[in-house]
Amino acid sequence: MTNQEALYIYLLRLGDNALINGHRLAEWCSRGPFLEEDLAMTNIALDNIGRSQAFLKYAAAIDGKGKTEDDLAYKRGEREFYNHLITELPIGDFAYTVAKQLIMSCFDVLVFTDLSNSKDETIAGIAAKALKESRYHFVHARDWSYRLGKGTEESHRRYQNAIQDLWMYTGELFEMNEVENILLQEGISNNLQEVRSNWINLIMPILQDSSIRIPTVDYMQTGSCKGIHSEHLGHILSDMQYLQRAYPDAKW
Amino acid sequence: MDTQLALWEVFIQKKSGGDHTHCGSVHASDSAMALQNARDIYTRRNEGSSIWVIPSQFVTASKAEDADMLFDPADDKIYRHPTFYVMPEGAKQI
C-alpha cells in the first residue's frame, strides 16, 4: 500500500464517520424530546455533515480521479464505506443517542486534538475546526449523561442499557491497521492506542458520576476498517443515496 | 398541564463590549442547559459573542392596563429629548 492509498482510505474513514453519524443524528429532526433538543441534535448533525464534506473533498483530491465529495458520499457501495459500526447503529431512544454521542464525542475530541497537530496541513486545518465543534458535542452529551444517569428510575435504566449495548462497539475505535501505521510514521495520523487510554480516562469518571455501571464485555465488534458493516448501513445508504441512484448527476 | 421545562429569558450580545439584547426564551431544567439551548437556537447563524440566561419567573413586568398611567404622560414632553442644545463645536455626539 502506498502512502497515497493509505491517506485516501484514512480520509474516507474520517469523512464516513462524520457523514453516517450526521445522517443518523439528523433523524431526530422533528422528533426531538422537545423543540430545544430537536435543534441541538440537528445542529450537531450539521456539524458532522459539514466536516464530512471537508474530509471527503480532500479524499477526492488525493484520489486524483476528478471525483467530488458528492461522488464519494452518494456513489459508493456499503463495502467501500469505512465508518465505525457504532455510527451506523439506529438512533434508538434518546438515552441511546446520548450514549452514542458520549462515546463518539469523547473519541472525536481526543482524535481531533491530535490531528490538529498533523503534519498534513489540510487535515490539521479541518481537525482544528472540528475540535471546536466536538468540544461542544462533548459537553452536550456529558451533561445529558449526568441528567439521564441520575434522573428518574426509567431514565437511568434506559441509559444504563444503552451504554451496556454499545460497549462492544467501542473496541474498533482504537484498531490500527496498515493504513494507520503508515500514516502514524509520517506524522499524519495519531496513535489510537494512546487515544484509547485517554478515552478511558475521559469517559470513565463521567459514567461513574452518572451512576452508570461500567460494562464488562468479552467480545468486541469489528469489521468496518475492512468495509464490513452491520445490516444497518445498507438501509442508510438506500435512503441517503436514493436521489443520486434514481436520477444520476441530478442538479438543483 | 404544562409539561415543558422551566422558562428562561435569553439575552444575546452581538459583539464584545456591546449590550445584551433580549431575543427570546428557551425551556431548560437548569442554567447550564438553558445556556446550551440558547446557544443552539439563537446563535447558530453566528449572531452572538456572549449569552445571558435568566429564569423568566424573576422578570417583573409592567401590566398592560397600566400603560396609560405609565407611558402616556411622556407623550407631550419633548423637552426631555436633548434636542434643544446647540452642539458644541467639535463634538460628534452628545
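The values are calculated or read from the model by the stated rules, or taken from the named source; none is laboratory data. Not measured: the values here are computed from a predicted model. Cβ placement follows ideal geometry from the backbone for every residue including glycine, while neighbour counts extend to all protein chains displayed.
Here are the numbers for this structure:
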quantity	calculated
Output for the stretch B:33-83, where each listed residue is of a type in the set (A, V, I, L, M, F, W, C), under 30 Å from A:Asn43 (Cβ atoms) and surrounded by 10 or more Cβ atoms within 10 Å (Cβ to Cβ)	B:Met33, B:Ala34, B:Leu35, B:Ala38, B:Ile41, B:Ile51, B:Trp52, B:Val53, B:Ile54, B:Val59
Given (1) within 14 Å of chain A (Cβ to nearest Cβ); (2) modelled with pLDDT of 95 or more, number of the condition B:Ser29 does not satisfy	(2)
Residue count, the stretch A:143-172 (criterion: buried (at least 22 other Cβ atoms within 10 Å of the Cβ) and within 14 Å of chain B (Cβ to nearest Cβ))	3
Matching residues, the stretch A:27-77, being closer than 24 Å to A:Lys129 by Cα, polar (S, T, N, Q) and surrounded by fewer than 16 Cβ atoms within 10 Å (Cβ to Cβ)	A:Thr68
Single residue of the stretch A:1-26 satisfying the filter (of a type in the set (S, T, N, Q), out of contact with any Gly (no Cβ under 9 Å at 6 or more places or on another chain) and surrounded by fewer than 23 Cβ atoms within 10 Å (Cβ to Cβ)) that is nearest to A:Leu115 (Cα to Cα)	A:Asn3
Residue in the stretch A:210-224 that is of a type in the set (Ser, Thr, Tyr), under 25 Å from A:Leu115 (Cβ atoms) and in contact (Cβ under 8 Å) with a residue 12 or more places away in the chain present	yes
Filter result (closer than 19 Å to A:Leu12 by Cα and either outside any helix (DSSP H, G or I) or acidic (Asp, Glu) (or both)) within the stretch A:216-248	A:Thr222, A:Gly223, A:Gly227, A:Ile228, A:His229, A:Ser230, A:Gln241
Residue in the stretch B:32-67 that is nearest to the other protein chains (Cβ to nearest Cβ), counting only those that are in contact with a helix residue (DSSP H, G or I) (Cβ under 7 Å, 6 or more places away or on another chain) and among the polar types (S, T, N, Q)	B:Asn37
The one condition in (1) under 24 Å from B:Asp40 (Cα atoms); (2) away from chain B (no Cβ under 14 Å) that A:Met176 fails to fulfil	(1)
